[in-house]
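Comments concern the structure below.
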Amino acid sequence: MARKHILTAGPAVMPEPVLERLAAAVRDYKGRGQSVLELSHRSADFVEIHARARDGIASLLGLSDDYVVLFLQGGASTQFAMLPMSFLPEGGVADYALTGAWSMKARKEAERYGRVKVACTGAEEGFRQIPGRLEQSGDAVYLHYTSNNTIYGTEWSAAPESEAPLICDASSDILSRPIDMARHAVVYGGAQKNLGPSGVTLVIMRRDWSERVVRELPTMLDYRTHIAKDSAFNTPPTFGIYAIALVCEWLAEQGGLSAMAKRNERKARRLYELIDGHELYRGHAALDSRSLMNVTFRVGDEGAEKRFLAEASELGFVGLKGHRSVGGCRASIYNALPDESVTALCDFMSDFAARN
Ligand SMILES: Cc1ncc(COP(=O)(O)O)c(C=O)c1O
């Protein structure tokens, strides 16, 4: 069957060459007579795979030795709790930039452990915009922000200015562009958008932060456990880590993150220009806050939108329906989405607009 145009928000599109390498390795890893799925996490082969994934991330982001790369489980949602549990003391304060549902969820977890100051919120405007100004506490342990808001299609164009160290949920734009890591204590994300299959959570942490843990923690929820054992204290998600290694190698072949950023800008610009060029389409996000990863828009009235989604589905576009809390449509155009899929979507949208 012909491959579809995968516009899902996550789990999301994977680079085709990576899918091919994964498929081959599922059958037989390096002629070992053994699938990659069957490798022990203590085997030399897997130790090498892990190093490729870890070093791949470090090299793409230009990480210094001050940072550790961890592959954990539990999704970004577990990080919402693990971070304040580890670093926010009772009576201490953390600043949270509220730019969408995921930052609200992160804030809720932090409130269990200490005080939270809302540094900004876009709730009243339906999270259409990244707020321009932050109100910070002065004594905050950290400022938490969500670099890309998957549901609303908004994205910080650069990390916010902050006196406090930054903690970033980069689940939906990690590795889509370079990050100024020196300004961040922690960057984390679920793998299932730009990195690989669901089931792996990437956490990049400044080493000295792991020494700042403020309370007694269960072993598995203590970053120090995973740092000491190089993410293999218990059985890690081996297949997902292998996929991340391959995705990193694919990204390096594409020219790394600066090249990716340019390509992502080009892909997104084509779609936004099309949306702005037809009365039928209305972008959801404010112009200065538009995401390069998730393009959210409405199509005419309810009837037109339904027809649009039905026709799109017939033509092989998958995952265009917007998140239930926003409605409308959302095209998730992560790193791995080929230019040809953007061209096909633009052609379909122009044609649909001409007919409606
Ligand atoms: C920005 C952002 N943060 C957090 C999450 C939650 O991630 P997980 O499902 O890995 O817990 C998502 C999921 O879509 C997301 O888009």
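The values are calculated or read from the model by the stated rules, or taken from the named source; none is laboratory data. Source: prediction; values computed, not measured. In this analysis, Cβ positions are derived from the backbone assuming ideal geometry, glycine residues included, and neighbour counts consider all displayed protein chains. Each accessible area value is taken on the protein alone, full model and side chains, heavy atoms only, with ligands, DNA and RNA left out. Shrake-Rupley method; radii C 1.70, N 1.55, O 1.52, S 1.80 Å.
Quick look at the values:
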{"quantity": "Per DSSP, loop trypsin sites (Lys or Arg not before Pro) in the range 9-52 with at most 13 further Cβ within 10 Å", "calculated": "LYS30, ARG32, ARG42"}
{"quantity": "Note, ³J(HN,Hα) from phi for the range 344-356, Karplus 6.51, -1.76, 1.60, rounded to Hz, x at Gly and Pro", "calculated": "4, 5, 4, 4, 4, 5, 5, 5, 5, 5, 5, 8, 10"}
{"quantity": "Accessible area of the range 156-303 divided out per residue, in Å², using a probe of 1.4 angstrom", "calculated": "40"}
{"quantity": "Ellipsoid equivalent to the range 15-145 - semi-axes via the Cα gyration tensor, in Å", "calculated": "40, 18, 14"}
{"quantity": "Shape of the range 101-255, Cα gyration tensor, a/c cut at 1.5", "calculated": "oblate"}
{"quantity": "Net lengthening on full extension, SER35/THR225 (0.36 nm per residue, minus Cα-Cα)", "calculated": "65.5 nm"}
{"quantity": "Tail fraction, Cα-Cα pairs, the range 195-322, threshold 17 Å, whole percent", "calculated": "74"}
{"quantity": "Separation of the GLU111 and ALA354 label points, Cα + 7 Å toward Cβ, nm", "calculated": "5.2"}
{"quantity": "The chain shape via C-alpha gyration tensor axes, a/c threshold 1.5", "calculated": "oblate"}
{"quantity": "Under the Karplus curve 6.51 cos²θ - 1.76 cosθ + 1.60, θ = phi - 60°, whole-Hz ³J(HN,Hα) for the range 222-227, x wherever Gly or Pro sits", "calculated": "9, 4, 4, 4, 6, 5"}
{"quantity": "R0 of 30 Å, Cβ-Cβ distance ASP28-THR235: FRET efficiency to nearest 0.05", "calculated": "0.85"}
{"quantity": "Burial ranking of peptide ranges 131-137, 105-111 (average Cβ count within 10 Å, highest at the top)", "calculated": "105-111, 131-137"}
{"quantity": "Near-label residues of the range 26-67 by backbone N, under 17 Å of a point 7 Å along Cα→Cβ of ALA182", "calculated": "61-67"}
{"quantity": "GLU125-ARG266 pseudo-label distance in nm [points 7 Å out on the Cα-to-Cβ vector]", "calculated": "3.1"}
{"quantity": "Derived scalar couplings ³J(HN,Hα) [the range 40-50; Karplus, 6.51 cos²θ - 1.76 cosθ + 1.60; whole Hz; x for Gly, Pro]", "calculated": "5, 6, 9, 6, 4, 4, 6, 4, 5, 4, 4"}
